[in-house]
Structure formats: C-alpha cells, structure tokens
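The values are calculated or read from the model by the stated rules, or taken from the named source; none is laboratory data. Just so we're clear, the structure is a prediction, and the values are computed from it rather than from any experiment. Glycine also receives a Cβ, built like all others from the backbone with ideal geometry; neighbour counts cover every protein chain displayed.
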Ligand code: GLU
C-alpha cells in the first residue's frame, strides 16, 4: 500500500506546473480557424480526488474547445444506453495506430470503425445515441451526460462550432464512408453535426478534472455525489482511453507516463487513475499528432513526482 497526503499531491501539482510553464514548442491547431487564434500562453492544471478535493493552478477557469476529449463522455453515454458489448460489436475498441481523422483506417478496418475515441468511431457513437432520429433529444442527452460527469454544464462556443462546421471536409468524407460500409446508425449528416457540435463545447480544465475523477471513482461524481454510470463501465472506458487516447503516440505516452489519458486539439488533456484521482491540463500548442505539448508534460511530471501509474501494481491511499 502506498500512502500519499493531499499536501504532497498539491505540492507535486505546483512543481509540475512551475516546471512546465516556460516550456515552448508546438503550435495551436491551425486547421480549425477558431483554435488557431486562441492565446498560446494559456496553461492550467487541475486535479480532483475521489472525495471531491480539488487543486486548480493557472488558467483553470478558461473555457476552451473540448474537441476530442468529448469522445470519452459520448462513448460512455452509448455504453450506458446500449451496453458495452453492443459498442464493442458496432464500433470496437482497437487502436488504429493512425491519425485521429484517418480515412485510411476506415478503409483498412471496414468491418468496424475501431474505437469511439477516433473521429470515425466518435461519429458512429453520435449516430448510436438514442433516441435515434431525434437530433434535439440526442443533443440534450450528450450535453446532460457531460454535465453529469463534470458536475456543471459545458457551454457551446458558437464561433468554434461555425468555424469547425465550415471547414470539416475530412470529417464529412468520414461520415459518408461510414455510411458506405453500413457503419453509421442514424442520418450521416445529423451524426456528423452532433459530433462537430460536441467538439465545439467550451469546457474548463477544472470541469474536466471532475469528469476524470468521476471516471476514476467508478461513475460516482465526487462533487455532486451522483452515480453517473455503472461501476462496471469504469474499466471499459479507461481501457479505451489507455489504448488510443493519444492517437498514434498512445503507446509512447502510456509507456512514459503510466496514466491513461485523452487529448483534444483544443489543448485539453484528461488523465484517469482508477480509484485514485482525475487530472486535467490545458495549453493550446500541440505536437504533430495533435496532443498538447505542455498539457502532456504537466500531467506526466505530476504523476511521476508522486510515483503513480496504472502499471505500478500498488494500492494507493490518500490521507489528509
Ligand atoms: N473536432 C476535431 C476534429 O474532428 C477534433 C479532433 C481532436 O481533438 O483530435 O477534427
């Protein structure tokens, strides 16, 4: 049993933040005009423990585009609505080893879209959200689920939604290719629109840390006390995050950090240590795969300082 104090956690977060703050490198996502114009110096690090204790350092109240991090809650939503086995059958849980928006991956694995955590699988996941055929009710279900996981509501960034809708030609191809292979379960245009809208939700790193802590806490939101999903979905969603959360760099990330984490091109990174804590970071400049440079450095430095990791074979107890 490894015992750590809240003070040690706070100190590790502060040190990680201070060390990473000056890090340069990377560039804002430039294929979505709104994201290209966000202040590159924004940087926040947030931690939430299973008892709701939270640490927030830096720009943790800044609302940024959730982007691909939204794939995690919607994967959970379809598993809640249809069951994990159905999601495995209809979408899958395999890493593609290819970029998040790969069309090549769809052609290679045309019997299923691989995983709800890449664009193809995420668009399919949006098509599966019930009630099928009712765009407004589906959208409400997506937003309500994120609200439950975060303990507070996300807010659509209209400018981002417009910016992304006007430029998402690659994702339009994905939606129709999925249709061609019978791997989309509602209207393709509506499913793509729901996906684009969910990516355009504004969220803060402090909200994302609560979401991560809800996952780490087997579905019970540590801040609101609400049981958001059944405990048996915690290992399912965490395994998906572990396999593909950092796209084609996921193996390197997991090897070097030891924490399953999901990134988004808005600069967010969300990490889950089941039973222990949720952590989130935000900084817009990305590496070539689309992962936040400072976000990943901060999360890695933080867990490394505490000697935490899913493969360490230790039970962890957090004391006052
Ligand atoms: N909305 C973005 C896209 O579909 C999300 C990509 C990401 O965050 O990885 O291209």
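Annotations for the structure displayed:
- Within region 240-260, being more than 12 Å from the ligand (Cβ to nearest atom), buried (at least 24 other Cβ atoms within 10 Å of the Cβ) and not in a helix (DSSP H, G or I) holds for 259, 260.
- Those residues of region 104-129 which are surrounded by 16 or more Cβ atoms within 10 Å (Cβ to Cβ) and either in contact with a strand residue (DSSP E or B) (Cβ under 8 Å, 6 or more places away or on another chain) or not in a helix (DSSP H, G or I) (or both), in sequence order: 109, 112, 113, 114, 115, 116, 117, 118, 129
- Each residue in region 286-308 was checked for being modelled with pLDDT of 95 or more and on the phi > 0 side of the Ramachandran plot, and 1 pass.
- Selection within region 92-106 - without any contact (Cβ under 8 Å) to a residue 60 or more places away in the chain and within 25 Å of residue 164 (Cα to Cα): 102, 104, 105
- Residue 54 touching a strand residue (DSSP E or B) at 6+ places or on another chain (Cβ under 8 Å) and within 16 Å of the ligand (Cβ to nearest atom): no
- Residue satisfying all of: in region 193-207; more than 13 Å from the ligand (Cβ to nearest atom) and part of a helix (DSSP H, G or I); surrounded by the fewest Cβ atoms within 10 Å (Cβ to Cβ) among these: 206
- Residue among 81, 85, 11 that is within 18 Å of residue 303 (Cα to Cα), out of contact with any strand residue (DSSP E or B) (no Cβ under 8 Å at 6 or more places or on another chain) and part of a helix (DSSP H, G or I): 11
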